[in-house]
Amino acid sequence: MLSRRVVSASGTTQGPLSAAVPGGLNATRPSVAPLATMNRSTPPAAVTRASDAAGSSGSVSQTWSGGIGLPAQALRRPAAQLPGFRDRGRPDARTPGRPDAQRRIPGSSAASARRHVTQRSPAVSPGPCQPGCTLSRMAERTRAKRPAAGALTTRPRSDTVGRGTASPSSWALGEGQATPWEYAPAPESRDVLTLQARYGLFIGGKEVAPRSGQWFTTLDPATEEPLAEVAKAGPEDVEQAVTAARRAFRRDWGRLPGRERAKYLFRIARILQERSREFAVAETLDNGKPIKETRDVDVPLAAAHFWYYAGWADKLEYAFPGRSPRPLGVAAQIIPWNFPLLMLAWKIAPALAAGNTVVLKPASSTPLSAMLFADVCRQADLPPGVVNIITGPGEIGMALVTHPDVDKVAFTGSTAVGKAIGRAIAGTGKALTLELGGKAANIVFDDAPLDQAIEGVVNGIFFNQGEVCCAGSRLLVQESIADLFTERLKDRLSTLRVGDPMDKNTDVGAINNPAQLAKINELIQVGVDEGAELYQPACELPSRGWFVRPTLFTNVSQSSRIAQEEIFGPVLSVLTFRTPDEAIEKANNTPYGLSAGVWTEKGSRILMMTKRLRAGVIWANTFNRFDPTSPFGGYKESGFGREGGVHGMHAYLDLGEGF
Amino acid sequence: MPPGRRDVINVEPAAAASPRIAVRKTYKLYVGGQFPRSESGRSYLVRGADGSALAHAARGSRKDLRDAVRSARGAFAGWDGKTAMNRGQVLYRVAELLEGRRDQFQAEVAAAEGLTAAAAREQVDRSIDRWVWYAGWADKLSQVLGTVNPVAAPYFDCTFPEATGVVGVVAPEASSLLGLVSRVAPVVVSGNTCVVLASGGRPLPAVTLSEVLVTSDVPGGVINLITGQRRELVPWLAAHLDVNAIDTWGVPVDLQTSVEEAAIENLKRVSRGPRGADADRFDWLDDRRAQRPEWIAAFLEMKTVWHPIGM
C-alpha cells in the first residue's frame, strides 16, 4: 500500500495487486534487506540513538549500528533528483526525544507502559534518498517530511470506540494536525454509471418483479444514502429461478458443446473488461471499498476469472485424464458482500464452464454489481436461465440451497452460516463447497525483508478494510524485532488514508454495513477490556458513513478473543514468538486454516514453514495475492473445496464418484 | 519316581488318541499399535454366514473410539512427515505380509462372508493387490494432483496436496476384507491416520488384518481398528471434533443424514459411497471402479504457495 501511494504521487495509482506487476514492490525487492540498509542514511545522531536502543533490544543493535556502505555523496543526494520520486516537502530529520505519544489504555499495567518507552524504534533520520533504493524506502522518506503549512486538521469522532491515538511523533505536527500532507480531493467520476431506480430479479434471462411484491433499499456505506431499490425475493421466486435454471440445463446449456460454452464465457470476460470502470464505480458505491481496489483488483480479477475458465470449457477431458467429467446440474451459489463481483465470478465462471446452470444470491447489502452482471449476460446473449440472480435476505439463500432440484451448493461467507447450510442439506447427496472464515497468521522472522514485511502486513489486514476472509489479522513477529517492527507498523498505519471510497487516494474505505461496524467496534472494545494495548492513528473520519480507524493491538494474549475470532475489519493483533516451532504452534492454534503469511529471507525456512502451516494458501514474502489460475480455499473450519485453477473446476464436475 | 511324573506318563497314551483341542484366538481392538480389549469389558458373538458361532469380538465403546482418535492424532505428524516413498514401501510391506497369510485370510473371509474357497481366495488376492496399487500412488500424488499456476504477476505459485489429518472410516459392512482395504489404503497412503470401524457383522478378517499391520512397519496409531456395533459408535465418530474427515461408506442408511449433520460441526470432509443395498452389492473386484485416485483425493487438502520472483 505504501508503494501505491508513492506511485500515485507521480500520477498512476496502483492497487495492492497491481503492485505485483514487473517493477512492482516485490519484484524489486533486494535479495537481503537487513536492518542496517533498510533505513536510509544514518546520521550520527541517529546512530547514537540506535546504540541507546540497542541496550534494550540486544539483537537489533548490531544491525542498526552497522554501516551502509554507500558513498557519502550518494547518501546526501536529494530525493527530488531521483527519477520517479516527487518531493512533497522539505526533508527533515525526525525530532528526537519527543514525548511518547502512545496512549495508555485503561487497565494496562505500569510495566507495559514502561515497555513503550524502550519499545520505541531508534530514531531514524529520513535523509535523502539513495540511488537504487526500493519504492518503499523512498516512500519511507516521503513519510518523514515535515508537514506542509495548513495541513489537514483532525477532529477525531468521539462516538467510535478507541479514538485515534496519536500520530508518529517524528512528524512533529502542529496542534490539531493529523498528517503532514495535504491531499487534494481526487474523486472518481460517477458519470460512467447510471443506476436504475429499481432492480428486479434476473430469472430466465429477464428482469422480473418479485412475486413477493417486496423491495428493499441498498445503501452507500460511505454516505448512508440510498442507491437503488432491489427486489426482495420470496419462496415463489426461488422456485421460479430454480425451474428456469433446470430448464436451461436440460434444453440449452447442458447440451451445448464445450467450445460454444467457452465463447459465451469469453464474451462475458470481454464485456466486463469493456465496462470495467462502470463496475468499479458501482462496486465502490455499493460496498464502500476504495475505488482503487475495485478498479485495480475486483473488476480486473473478475474478468480474468471468466477468461481463465472459458478456456477450460472444451478441455475438461484433459483436466481430468481417464475420466469423463459431467456437469452436476443446477448450482445454488451464495456469495458475501466483501467482494461482490469477484465472488460472483469465482462462482459463476467455473460453474458455467463445466456446463452447469446457476442460481446466484448476492449479499443483500451489495446486490448492485450482480444486477449489472445480469445485464452483461443479456449483452452476451447467454441463453435464458443459464444464470439466474435473486436478491433478498438470508432465508432466501437457505430456501435456495435446500430446494430439492438443486444439485450443487457453493457458499462463501461466515463459518456459522456455512455450518447451517451443511446441516440443512445433510443427507441429500448435494455436492457442497464452502469457503468460510479465517484468522490468518502473518509470521515475520527477524531476518525478514522488513520494508516489504511492513507493507505486506499492512496490505494483509487493511486491504478492503480487513473485510477479507484470508486477512492477515494476527501478526506473529519474532521477539527480537518486535519492538522495532511494531513501532514502524504504527508509523505506517498513520499514513493510511481513511475516508471517501470514491477518492482515488483512499486506502481504507467504509465498512460495508452498520451491523459489521458494530461488530468490529465491539471486538475492539473487547480487546481493550481484555488488556491489549490499542493503537489507532489520529486520522479524521468522515462525519457520515460507516468508518473505523485502522487499529492495531499489541500485548495480545493467545487466548484473547481478538486473537481467536474473525473480526472481519481493519484490526490487527500483534503477538510475538521466539522459535519457529512456537510460531507454527501459535499460527495453527485456531479452528481456521484459510491462509498464512511467512516473511523471511531464508528459503529453507520458508519451505519448512509452508509444510507445517495448516492453511490452504501460504503467502511467502507477500500477502493477499489472488489469481484465477491459483486455487484458493481452506483447511479445517475454513471450509472445503477449492476455487480457482483446475481444482476449482473439480468442484463443479461429476467425475464418476456418483457410482 | 515322583508322582507327578508318573501321572504324565500315564496320561500320554490317552491324549494321543483324542483329537487336538484348537487354540482359539481372542479378537481384540487395535489401538495405537496395541491390542486392548474394550475398556467397557464388553464383547459380542460373531456368527459366520452359515449361522455358526465364530468367536467373540470386542464391543468397542465411545471411550475406545476416543482413545483411538487420540492415538491417530498422535501418529499423524510422524506418518505425514515420512517421505512419500517411505509410506509407499510401508504399504507394499503390508501386501508382502498378507501374501504370506493368504490361507488364513481365505478361511476367515470364507467363513465370514459365506464364500467358496475360490471366491474367498480371489477376495484375499485382490486385497493384496490393492495395497500394492495404492502403495504406488504415494510418490505420484503431488505430480498428478498438484499444479504450478501461471499467475499473471511475477510470482512462483504452486499447489500441492497434503493429508487432511485424522480420518474416520466406517468400513463397508458386506465386504469384510477387500472392502475395508479398499477404503483404508487410499486414506493412509497420503499421510492421513485413521480410526476404522470394521464391519459390524463380519469383523474378524479386519482384526486379523490388524495383526498384519502391526508387523509390517505401519507405525502404531496410523491405523486403529474398532469392532463393535455401528449404531452405537458411528454417531460418536461423526461428532468427534478432532476427526477431520469421515468416510461414510458403511454408515447405515437411516443414520446418513444425522452423520452428515454431526460432521459439519467441525467441517469434516465427508466421503459418501452408494447407498443401502447398492453399497452392499458394490463389486470390489472391479478394479476400474473400486480403486480410484479420487478416493485418495477425497482426504487431501490442496495447499497453494506464493512467492515473489525477483532479484
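All of the numbers you see were taken from the coordinates with simple rules; none came from a lab. Here the structure is a predicted model, which means the values were calculated and not measured. We place every Cβ from the backbone using ideal geometry, glycine too, and count neighbours over all the protein chains shown.
Of the residues A:I271, A:I520, the one with the fewest other Cβ atoms within 10 Å heads the list, and the complete ranking is A:I271, A:I520.
What order do you get for A:601-610, A:381-390 when each peptide is scored by the mean count of other beta carbon atoms within 10 Å, highest first? It would help to have the intermediate numbers written out before the result.
On the way: A:601-610: 15.6, A:381-390: 24.1.
The densest-packed peptide leads the list: A:381-390, A:601-610.
If you take the Cα centroid of segment A:453-499 and the Cα centroid of segment A:530-565, the two points sit 12 Å apart. Annotation for segment A:411-428 versus segment B:17-54: alpha-carbon center distance of 43 Å. I need the calculated FRET efficiency for the pair A:R211 and B:V23, taking r as the beta carbon distance and R₀ as 60 Å, to the nearest 0.05. Rounded to the nearest 0.05, the efficiency is 0.20.
Taking amide hydrogens as placed 1.01 Å from N in the peptide plane, the amide H of B:L54 sits under 5 Å from those of B:V46, B:R47, B:G48, each at least 5 positions away in sequence or on another chain. Packing around the peptides A:443-454, A:351-362, taken as the average count of other Cβ atoms within 10 Å per residue, puts them in this order, highest first: A:351-362, A:443-454.
Computed from the C-beta positions of A:L607 and B:Q89 and an R0 of 25 Å, the FRET efficiency is 0.55 to the nearest 0.05. Mean-square fluctuations from a GNM of chain B, with a 10 angstrom spring cutoff on Cα atoms, peak among B:G201, B:G179, B:G78 at B:G78.
Using only the Cα atoms of segment A:289-401, build the gyration tensor, take square roots of its eigenvalues as a ≥ b ≥ c, and label the shape rounded, prolate or oblate: rounded if a/c is under 1.5, else prolate if a/b is larger than b/c, else oblate. Oblate is the answer for segment A:289-401, as a/c is 1.5 or above yet b/c matches or exceeds a/b. Backbone amide hydrogens, once placed in the peptide plane, bring A:V477 within less than 5 Å of A:V444, A:L575, A:T576, A:F577, excluding anything fewer than 5 places away on its chain. 3J(HN,Hα) along segment A:594-601: 8, 8, 7, x, 10, 10, 6, 8 Hz, from the Karplus curve 6.51 cos²θ - 1.76 cosθ + 1.60 with θ = phi - 60°, whole Hz, x for Gly and Pro.
Overall form of segment B:25-308: prolate. Here a/c, set by the Cα gyration tensor axes a ≥ b ≥ c, is 1.5 or more, and a/b is the larger of a/b and b/c. Only residues of segment B:31-54 count here: report those whose backbone N is under 19 Å from the spot 7 Å along Cα→Cβ of B:Q104, or say none. Residues B:31-37, B:54 qualify, since their backbone N sits under 19 Å from the label point. Build a GNM of chain B with springs between Cα atoms under 10 Å apart, and of B:D67, B:D278, B:D242 the one that fluctuates most is B:D278.
Working note: Debye formula, equal point scatterers on the alpha-carbon atoms of segment A:546-659, no solvent; log10 I(q)/I(0) at q = 0.16, 0.22 Å⁻¹ is -0.90, -1.37.
Averaged over the residues of peptide A:607-616, the number of Cβ atoms from other protein chains lying within 10 Å of each residue's Cβ is 3. Largest mean-square fluctuation among B:V144, B:V243, B:V188, in a Gaussian network model of chain B whose springs join Cα atoms under 10 Å apart, belongs to B:V144. Working from the Cα coordinates of segment A:204-436, the gyration tensor eigenvalues give, after taking √(5λ), semi-axes of 25, 22, 17 Å in decreasing order.
Amide H contacts of A:R497 (H built 1.01 Å from N, in plane; Pro and chain starts excluded): A:D507, A:V508 sit under 5 Å, all sequence-distant by 5 or more or on other chains. Remark: mean inter-chain Cβ contacts per residue of B:258-264 equal 5, using a 10 Å Cβ-Cβ cutoff to other protein chain atoms.
Listed by chain and number, the aspartates and glutamates placed with their C-alpha closer than 14 angstrom to that of A:K519 are A:E467, A:E565, A:E566; residues fewer than eight positions away on the same chain are left out.
From the alpha carbon centroid of segment A:225-251 to that of segment A:368-390 is 11 Å.
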